[in-house]
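Before any comments, here is the structure.
The values are calculated or read from the model by the stated rules, or taken from the named source; none is laboratory data. Remember, predicted model here, so these are calculated numbers, not experimental data. In this analysis, Cβ positions are derived from the backbone assuming ideal geometry, glycine residues included, and neighbour counts consider all displayed protein chains. The protein model used for the area step is the full one, side chains on, heavy atoms only, and it has no ligands, DNA or RNA in it. Shrake-Rupley method; radii C 1.70, N 1.55, O 1.52, S 1.80 Å.
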Amino acid sequence: MRRVTTRATPPSPIGESVPRRDGIAKVTGAARFTSDLSVPGMAWAKILRSPYPHARISSIDTAAALALPGVIAAVSAADLADVELYYGHALADHPLIAHGVVRYGGEPVVGIVAEDPATAEEALALVSVEYDPLPVVTTVEAALAPGAPILHEREAEQRPQRGFEEAIERDHPNVCSSSTQRWGDIDAAFAGADLVVEGDFRYPISYAYAMEPYTAIAHWSDGGLTVWSSCQHPFMVRDDLARCFHLPLSAVRVIVPYVGGGYGSKSYTKIEPLTAALALRADRPVKLALSIEESILTTRGDGAVVHIASAFDGDGRLRGRRAEILLNTGAYAENSPLVGRKAANRICGPYRIPAVDVTCRAIYTNTSPASSFRGFGAPQGIFAGESQMDEAAERLGIDPLEIRRRNVVRPGEALWSKARGMDADLDADLLLAADALAWDTPARPGRGRAICISASDAGSEPVTTSLLRVHADGSVTVTVGSTEIGQGSSTVLAQIAAAEMDLPLDRVHLLQSDTTAASYDRSTGASRTTTLVGLAIQAAARDARSQLLEWARDALAGGGTVEPAKGGVLVAGVHHDWGAIVRAWFAGAGGEVVGRGYLRRAGSMTAMPPFWEIGCVGAEVSVDEETGQIRVERLVTVGDVGCAINPQLVESQDVGAAIMGLGIALSEELVYTPEGSLLNGNLVEYRVPRASDIPPFTAILAERGDGVGVYGAKGGGEGALNPVAAAVANAVRRATGIRLHEAPFTPERVWRALRERDPGREGDG
Amino acid sequence: MRETVELSLVVNGRAHPIRVEPRETLADVLRERLGLTGLKISCDVQVCGACTVLVDGLAISACTYLAADAEGHEVTTVEGLARAGQLSPLQQSFIDAAAFQCGFCTPGMRMAATALLAENPAPTRAQVVAGIEGNICRCTGYVPIIDAILEAAGAVDAAGVSEGAR
């Protein structure tokens with residue numbers, strides 16, 4: 001691990017790679033995931049899914065299924081008149097079970113609840129559904145063509161949790177949302193340019209493959225609903241459940257056990273409303289555990305078609321950028337309005353551009369619904385934008401590193417009006433990557449190198465709370481609504497609480513992700529947890545300490561002088577720890593103080609985004625010209641994180657994110673036919689990286705204390721994914737002379753591009 | 001009535017008399033009948049390795065292995081590896097290297113590594129990579145897992161992240 005640190009030294013255990021809190025549970029197999037849980041009296045659900053990508057449902061007959069011994073309930077939309085069927089935190093366009101129409105192959109149509117999973121599965125075959133097929137669109141081009149079938153005839157309610165301020169604009173019935181980013185005189189910028197580069201780029205429909213499939217258990221009792229779910233945002237799920245079932249927020253409890261991977265794919269609401277509806281009709285606790293093949297049909301990443309043009313001065317300075325991004329967002333909005341909003345922002349790159357005109361439209365198609373996927377909106381545009389930086393450098397005869405150094409914004413400089421100033425030193429990051437790639441020495445023959453950089457407006461909304469309880473023995477319980485999805489929040493947040501309370505780490509315990517027992521957090525995404533929840537914990541700790549100071553004055557100093565001291569107070573030169581103060585104030589052996597931490601859009605959190613998340617990646621590649629196989633010889637990441645609370649965990653995030661980006665760059669793509677069939681909806685044919693695919697790797701952490709979070713921290717974990725496809729494409733260009741416009745860069749695509757480069761070459765197929 | 005067969009399933013050194021349907025997989029029986037939820041089910045098609053357990057010391061995918069076929073063999077799951085509250089060297093090295101994030105692949109990865117080290121106590125880096133090729137980890141990028149296995153084997157070339165996989 002390489003760490004480049006210019007920040008002040010933080011208090012222990014900040015900056016220390018302490019072992020993960022969940023380590024023993026996870027290495028012994030004791031860690032319980034939702035898929036491992038059962039509830040007394042629990043029944044099992046299986047889902048009958050539509051074989052058609054677009055059709056009207058003309059009839060559903062469940063009588064034979066209900067007659068099968070062991071079947072408890074068979075539920076379709078017709079059985080849920082008392083439930084609000086349509087959910088969605090941005091647009092409430094998504095029925096929890098098909099309502100008259102199916103809009104993608106695999107959409108849930110009937111849910112069966114039975115005593116055991118095998119019986120439920122058996123009953124699915126006894127349900128009879130008749131469909132009237134409708135015309136199908138699976139590409140953005142087809143969905144916007146004249147006469148295209150319309151997916152949503154009903155206008156969906158816009159919801160306040162969409163994650164951005166403006167109303168969702170829709171200029172065509174198949175447009176789910178439209179976002180723009182515009183400033184400057186774009187026509188003048190292009191008219192006066194020395195060089196304009198223009199092109200089309202395609203980013204694939206991808207699948208996050210969280211290894212734990214979507215799983216939920218719903219249990220109605222005591223006038224309320226309890227749901228255990230493998231989800232990232234329990235409070236958002238709670239809000240949707242309360243709305244669907246007409247319950248107060250306080251009557252819905254969402255509990256998140258250990259989560260087997262998220263990467264954005266478990267953001268927002270998925271199968272929880274359906275599971276709760278099945279439990280309601282079955283009058284039993286119900287577990288719905290999807291297979292991976294069903295999970296692929298539940299959520300995937302937005303594919304993108306990007307038309308982009310960038311205008312440059314002769315010295316390589318950007319004058320303007322135009323882009324039109326079309327996201328293939330599938331059958332329902334899910335989080336794609338925000339993905340589109342972010343894509344429009346992030347395609348601008350971390351560059352000073354006098355004029356910008358970007359439109360991003362998320363398009364409905366008859367494919368599985370797209371939503372958040374690590375980096376959301378960034379990689380789609382960064383692939384295009386960073387490809388053009390190299391293209392311009394080449395045509396202007398400027399070094400690709402140098403053209404970026406000339407254009408990146410300086411620390412404090414805003415990318416657009418009213419945005420938070422850049423809280424990173426991008427030029428220094430570029431130089432770290434260059435150094436790790438030995439940029440100044442020529443690459444070996446047949447090899448190419450590239451460095452790409454991105455900035456994401458990250459952190460989502462600064463809405464979070466924390467309670468920090470100091471017990472009578474001086475130990476601390478911290479409650480937060482943030483979810484441990486593997487990123488290490490249960491360790492990092494405990495480190496922050498320990499540092500703020502001057503306590504050894506083993507005196508601090510966390511309660512997370514329980515909407516009744518833990519305190520509110522908006523979401524676990526957008527790389528926000530360390531920064532935003534960290535600040536809420538700091539505020540809670542300060543509130544607790546301030547109360548403890550008061551209590552010490554009152555109960556230990558008779559109203560006299562109390563001096564703050566490490567881990568407690570000094571009264572007349574005698575040290576009293578936190579526990580002693582609590583016991584003295586309550587005049588007994590028990591009691592506790594409750595510190596409250598609130599984070600909202602105020603103070604240091606007034607300017608948006610809460611922080612910039614930087615992606616800075618270097619790649620060196622070679623290409624087998626006979627097969628078109630790309631071999632990545634080295635990957636470099638620079639994690640510009642301000643202060644690494646736990647460096648080992650930050651490094652692990654960067655490596656994991658970059659390898660996930662490498663998978664999309666080289667092999668990952670869900671392929672739909674024009675007729676709406678998913679050709680590779682399984683882990684055999686959707687190929688994710690394996691151990692033998694991992695190149696030599698250099699992970700660098702840059703810590704300059706420039707983040708808004710505690711001790712100068714800011715978010716990480718997604719940035720390293722965003723520039724990977726662009727870095728590989730640019731390195732391939734330098735190694736071979738071919739320019740790749742469509743990810744993933746499969747051997748076939750590379751081979752075809754090589755043949756186009758050498759049209760007369762012998763041995764053409 | 002569904003057809004069932006009577007088995008004596010030996011798991012982690014203990015015999016469990018149990019009646020199963022012939023179609024039931026070893027993964028389902030271990031998880032749902034014996035409560036051994038350490039092994040996970042993910043891909044369902046024997047490509048991810050999350051359900052890896054040992055049968056007579058060899059790593060197999062329990063999601064596609066019929067429980068009935070385990071009759072007469074010794075099954076070892078992740079629960080059978082920690083003894084008397086002590087972490088094994090592999091478990092300790094997984095913690096030290098942060099060789100997991102979400103932990104869903106970890107039990108299967110541990111079993112694959114156990115089988116690998118039993119067969120080859122001093123593997124090279126390339127041999128470790130080959131040994132876990134059947135196990136997917138979506139979080140870590142594999143690098144710390146490879147390091148952890150080499151570390152547990154006492155290898156001197158467990159040089160950390162900069163080595164990558166090859």
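The listed residues are A:A31, A:A43, and the only one of them that is in contact with a Lys or Arg (Cβ under 7 Å, 6 or more places away or on another chain) and within 14 Å of another protein chain (Cβ to nearest Cβ) turns out to be A:A43. Annotation: A:L549 fulfils all but one of (1) in a loop (DSSP other than H, G, I, E, B); (2) open to solvent by 40 Å² or more (accessible area, probe 1.4 Å); the unmet one is (1).
Which residues, taken from the range B:31-63, are facing another protein chain (nearest Cβ under 8 Å) and in contact (Cβ under 8 Å) with a residue 60 or more places away in the chain? Scanning the range B:31-63 gives B:G38, B:L39, B:K40, B:S42, B:C43, B:V47, B:C48, B:A50.
For every residue, the table says whether it meets (1) of a type in the set (K, R); (2) outside the structural domain of B:G154 (by TED's automatic domain parsing); (3) under 25 Å from B:S42 (Cβ atoms); (4) surrounded by 17 or more Cβ atoms within 10 Å (Cβ to Cβ).
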| position | (1), (2), (3), (4) |
| --- | --- |
| B:A99 | no, no, yes, yes |
| B:T106 | no, no, yes, yes |
| B:A122 | no, no, no, no |
| B:R125 | yes, no, no, yes |
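Against the condition over 23 Å from A:R21 (Cα atoms), surrounded by fewer than 20 Cβ atoms within 10 Å (Cβ to Cβ), touching a residue at least 24 places away in the same chain (Cβ under 8 Å) and in contact with a His (Cβ under 9 Å, 6 or more places away or on another chain), how does B:V10 come out, does it pass? It is true that B:V10 is over 23 Å from A:R21 (Cα atoms), surrounded by fewer than 20 Cβ atoms within 10 Å (Cβ to Cβ), touching a residue at least 24 places away in the same chain (Cβ under 8 Å) and in contact with a His (Cβ under 9 Å, 6 or more places away or on another chain). Taking (1) within 20 Å of A:P273 (Cβ to Cβ); (2) open to solvent by 10 Å² or more (accessible area, probe 1.4 Å); (3) in contact (Cβ under 8 Å) with a residue 60 or more places away in the chain; (4) out of contact with any Leu (no Cβ under 8 Å at 6 or more places or on another chain) in turn, A:E212 satisfies each apart from (2).
Condition (residue is within 24 Å of the chain's Cα centre (by Cα), within 8 Å of chain B (Cβ to nearest Cβ) and outside any loop (DSSP other than H, G, I, E, B)) applied to the range A:699-713: is it met by at least one residue? So far as the range A:699-713 goes, yes, one or more of its residues are within 24 Å of the chain's Cα centre (by Cα), within 8 Å of chain B (Cβ to nearest Cβ) and outside any loop (DSSP other than H, G, I, E, B). Return the residue satisfying two criteria in turn: it lies in the range A:651-686 and is more than 12 Å from every other protein chain (Cβ to nearest Cβ), among the β-branched types (V, I, T) and farther than 26 Å from A:A526 by Cβ, and of such residues it is nearest to the chain's Cα centre (by Cα). Looking at the filtered set, the residue picked out is A:V671.
Among the candidates A:L532, A:L510, the residue that is open to solvent by less than 10 Å² (accessible area, probe 1.4 Å), within 27 Å of A:S17 (Cα to Cα) and away from every other protein chain (no Cβ under 14 Å) is uniquely A:L532. Among residues of the range A:723-750 that are without any contact (Cβ under 8 Å) to a residue 40 or more places away in the chain, those with a Cβ under 8 angstrom from a residue that is of a type in the set (D, E), sequence gap 6+ or separate chain, pair up as A:I738/A:E756. The combined condition, being under 27 Å from A:S177 (Cβ atoms), open to solvent by 10 Å² or more (accessible area, probe 1.4 Å) and out of contact with any strand residue (DSSP E or B) (no Cβ under 7 Å at 6 or more places or on another chain), is fulfilled by A:K270.
Of A:L91, A:L96, A:L85, all but one fail to be more than 14 Å from chain B (Cβ to nearest Cβ), buried (at least 22 other Cβ atoms within 10 Å of the Cβ), closer than 21 Å to A:I217 by Cα and aliphatic (A, V, I, L, M); the exception is A:L96. Of all residues in the range A:726-737, exactly one satisfies the criterion of being assigned to a helix (DSSP H, G or I), among the small types (G, A, S) and open to solvent by 10 Å² or more (accessible area, probe 1.4 Å), namely A:A735.
Evaluation of A:P10 against the conditions (1) under 27 Å from B:D96 (Cα atoms); (2) of a type outside the set (K, R); (3) in contact with a strand residue (DSSP E or B) (Cβ under 8 Å, 6 or more places away or on another chain) shows that the sole unmet condition is (3). A:R2 fulfils the conditions (1) within 14 Å of chain B (Cβ to nearest Cβ); (2) farther than 30 Å from A:D425 by Cβ; (3) of a type in the set (D, E, K, R) except for a single criterion, (2).
Selection of the range A:639-666 for residues being closer than 16 Å to A:P723 by Cα and among the polar types (S, T, N, Q) yields only A:Q653.
Selection of the range A:478-536 for residues being outside any loop (DSSP other than H, G, I, E, B) and among the basic types (K, R) yields only A:R507. Where residues in the range A:444-456 are closer than 13 Å to A:V732 by Cα and open to solvent by 40 Å² or more (accessible area, probe 1.4 Å), which of them is farthest from the chain's Cα centre (by Cα)? My answer is A:P445. Of the residues A:T441, A:T477, the single one that is farther than 29 Å from A:G661 by Cα, surrounded by fewer than 24 Cβ atoms within 10 Å (Cβ to Cβ) and without any contact (Cβ under 8 Å) to a residue 60 or more places away in the chain is A:T477.
Of the helices (runs of 4 or more DSSP H) lying entirely inside the range B:64-147, those containing at least 2 residues that are more than 11 Å from chain A (Cβ to nearest Cβ) span B:106-119. Restricting attention to the range A:5-22, the residues that are more than 14 Å from chain B (Cβ to nearest Cβ) and in a loop (DSSP other than H, G, I, E, B) total 10. Restricting A:P95, A:P108, A:P149 to those that are at pLDDT 95 or above, under 21 Å from A:S58 (Cβ atoms), touching a Lys or Arg at 6+ places or on another chain (Cβ under 7 Å) and not aliphatic (A, V, I, L, M) reduces the list to A:P108. Of the strands (runs of 3 or more DSSP E) lying entirely inside the range A:23-81, those containing at least 3 residues that are buried (at least 20 other Cβ atoms within 10 Å of the Cβ) span A:43-49, A:71-75.
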